[in-house]
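Here the structure comes first, spelled out in structure tokens, and everything after it is commentary.
Where a number appears in this text, it was derived from the coordinates with a stated rule and is not lab data. Note that this is a predicted model, so its numbers are computed, not measured. In this analysis, Cβ positions are derived from the backbone assuming ideal geometry, glycine residues included, and neighbour counts consider all displayed protein chains.
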Amino acid sequence: MLTSMLKHNHQSRTLWLSCLSASFRTALACSIVAAATLFGPSALRRQVAFPAFSYVTVILIVTGASLGDTLRGCWDAICATVLTVIPAIIGLWALGPSRLTTALTSVVVGMAAFVVMLPDHKTHLVSKRIALGQIVIIYVVAYDMGGQTDPVMHPVHVAASTAIGVLACVLALLLPYPGLATCQVKKKCKLYADNASERVKLCVNAFCAEDNRSAHAFVSQVKSLAINGNKLLNSIKSKKESMKWETLPIEFLKPYRMNKTAEKLQDMEIPIQGLQMALCHFHSFPPQILDQDLKDNLHKFQEHITQTFDQLKSCMPLDSATFPETNHENPIISPHSFPQTHKDLSSFFFLFCSKLLQIRKTPHNPPPKISPSSEEQNKMDPKLDLYEFINTFLMHRRFMLALKCSLSVGFAVLFGLIYSKENGIWSGLPVAISFAASREAIFRVSNLKAQGTVLGTVYGVLGCFVLEKYVKIRFLILLPWFIFCSLIKGSRMYGPAGGVSAVIGAVLVLGRENFGEPTEFAIIRIVEAFIGLSCSIVVELMFRPTRASTMAKLQLSKSLQVVHDCVYNIRLGGGKSQNCIGDGQRKVKANVNELRKFITEAEMEPNFWFLPFHNVCYSKLLKSLSNMEGLLVFLHHANEHLKQENLSIKKLENEVEIFKEMIHPTLKCLEKVVLVKSLNNLDNEVHKSGAFETYGDVELGKLPIGRKGLHKDGSNSEDEMENIVNSYLKVSQDIVHGEGCEEVKGHEMVLSLSAVAFCLRGLVRETREIEKGVMELLQWENPSSHVNLYEICCKIQADWIGSRSYDLDPDPTIPFTILQIYDLIAIRLGF
């Protein structure tokens, strides 16, 4: 109890120190800007005509960043300035600021935003946000000043304001000492080493526990530590790009190259997760194979892993050449028997993962060959006609993103100028600097931005009231606000969007001069921000008719399809199929991660008039798919070991096929079932087609998807599974004994074959869980219908034979969108 309290206090202290560090860097950068714009030479102050944007640049670059992130942000700011200022000088000189009108200004801003957003994803998002902010300030202020605007010096002043912010960011990350990402990664690697070492210790204690109660207590501790371990690994991976920027000018300093260390830590995380997975499926403790010899070897193994992590911490930073490797003193973790029933598989799988952690070698596979996309195929097709080319380009993601950004910023500037010509930038600027290139929960994010803007603005007004007579030093009141915003940025209530908005809202009030009364300025800013956010919401709805909940359903079907293909292509041993499991597992991982993003977005999406999102059911399905992805990883490792041993496993092909027949036909069926929107509509389509009677008879129990797929009577019971596993184990035992291998090699073969059985059985178990989840989801969406997956699958097959399709289109957020109108016009014109 005392240990857990100390760890909790340590985590709280680490969180506070992290927030204080980020707050200090942000406050220092903003203080540098304030000192330069408030107390600097008059010549400098004349050049920095827009200090508000200097603060915005600081927030975009330095908030929570390391030196590498700041260097990359500075490069992004330089690219943004070149991309914006030079065309702006030419544009203002050609148009003439005195000729600008409200409509013309919004059109020019929209066109410039389109040009900025159109380049591919290689241009960093920070660069585009800074460029969009510069565009809004240049053209809106030029329209406000009219003929008094210098077409050359006005954009130069904006560039100078950006440069002051960039310089402040660099100085803030260098003083009083450099905030290096490599140092942060080094600390996090040490924390992860402690975390992983403790988890291995708890897993071994659970395996050797004398009763179920003690073992389950150890397992609970492992699960708690695993959450922190995953957070540490994600944090380490997030600094990978930053470390590249830090080592770029000092490439010869190899000790600071931590990327390979992070990759090796990720490799060690995989078998540790396997230990936890094995313990979660134990039937009773202690396992039958545990004897005193194995118990002693496991404790020696745990001590060896602890020493390895201690050695890893002591030699950080390190390169691959100095990473501690295994030696001949490693304890031998081998069973003295062969698994007899499926109840023994968990303990043997635990030993397999222990062996995998002990050798710490991840099988290497070349990256999967990616087939050319439809766009690339269209480019290679010389017969592509003009209409298809134009249609493909217009539907291209980059074009749609640029058009959406152009309309959002353009309309925000238009209505902001209509409301207040002098303050029109405050409607376009929030939209410009917060535009996202990926899908967001637009209503929630806009709500958080609005709340953050109001909070920050109100705090700024209160700060002006408290230090009304001390205008030059009222900036100091921002220091506690930076700490508070650093905390809420990591909270679930506000997140990064609300935290950044709160910082900017306060800085623009307290760091400004000659903007009139604070209360009046605050009200105008809040109204203008509301106008800009409203425009972005409307445009987002126009261009994204598909809701996140619908995207989650479509991605669920795609994930099931990828898992089905991976399971279908499982082949044990070498040959052409030796990499099929590894390649398929990587595809499964990518699709599961995409599904996780859509589920997270759908949970935050408002329901309006739609059916509420069943997040509990989707979370269960996501967990099952994640477990299947992990099982495929270990199946790949076991297959690699069998291949290295040149084991003749042709006799196991039939046994493996039995497992596969219990998985992939069901997944193939569920892949289509989850897309059914209405069971009543499906019934109507099937009866209209008349194909159901000729293709399948529900009453006779004929199912065209395989003998081990979904069954009308819910068979495939545990008894059947136990018989299949026992048959597999018997054949495996005959193979091992027939090889006549030496003892150590035979033990390793036993562990690999047992791991294959554990993974295949786990895939079957997770398939059944997915089947239950899909049934629950269908019942949620069709509360008045009786859900029978067997009947639904037969009807879907009959519907295909009848050449009819049921409605799988996503639910539109609004009745008509630009894309739908575009399709209607094309249809009317005969295209």
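Using 26 Å as the Cα-Cα cut-off, could you pick out the over-long pairs in K231/K589; K223/K355; K643/K730; K231/K643?
With Cα atoms farther than 26 Å apart: K231/K643.
Once phi is turned into ³J(HN,Hα) by the Karplus curve 6.51 cos²θ - 1.76 cosθ + 1.60 with θ = phi - 60°, what whole-Hz value does each residue of the stretch 173-190 show in order, with x for glycine and proline?
Couplings: 8, 9, 10, x, 8, x, x, 7, 5, 4, 5, 5, 5, 4, 5, 5, 5, 5 Hz.
For the pair S220 and I537, how long in nm is the line joining their label points, each one 7 Å along Cα→Cβ?
4.4
Can you pull the one-decimal nm distance between simple spin-label points at Q148 and V82, each 7 Å off the Cα toward Cβ?
Between Q148 and V82, the label points sit 3.4 nm apart.
Where does each of K650, K620 land when they are ranked from fewest to most other beta-carbon atoms within 10 angstrom?
The most exposed by this proxy come first: K650, K620.
Could you give the length gained by full extension between S284 and K650, i.e. 0.36 nm per residue of separation minus their alpha carbon distance, to one decimal place?
Going from the current span to full extension adds 128.4 nm.
Going by amide H atoms built from the backbone, whose H comes under 5 Å of the H on L180, apart from near neighbours?
Under 5 Å from the amide H of L180: L67.
Order of 183-190, 723-730 by packing, highest average Cβ count within 10 Å first? Mind showing how you got there, number by number?
Numbers: 183-190: 20.1, 723-730: 18.2.
Ranked from most to least packed, the peptides come out as 183-190, 723-730.
Could you please rank T453, T37, T57, placing first whichever residue has the fewest other Cβ atoms within 10 Å of its Cβ?
Fewest to most other Cβ atoms nearby, the residues stand as T37, T453, T57.
Which ³J(HN,Hα) values, rounded to whole Hz and listed in residue order, are derived for the stretch 520-532 from phi using the Karplus coefficients 6.51, -1.76 and 1.60 in 6.51 cos²θ - 1.76 cosθ + 1.60 with θ = phi - 60°, glycine and proline given as x?
For the stretch 520-532, the Karplus-derived couplings read 5, 5, 5, 5, 5, 4, 5, 5, 5, 4, 4, 4, x Hz, x marking Gly and Pro.
Which order do the peptides 586-597, 270-281 take when ranked by the mean count of other beta-carbon atoms within 10 Å per residue, highest first? Kindly include the intermediate steps, with their values, before the conclusion.
On the way: 586-597: 17.6, 270-281: 21.0.
Peptide ranking by packing, descending: 270-281, 586-597.
Going by average Cβ neighbours within 10 Å, how do the peptides 286-292, 72-78 rank, with the highest at the top?
72-78, 286-292
Over 24 Å between Cα atoms: which of K587/K668; K190/K300; K313/K597; K186/K244; K237/K668 fall into that group?
Beyond 24 Å between Cα atoms: K313/K597; K237/K668.
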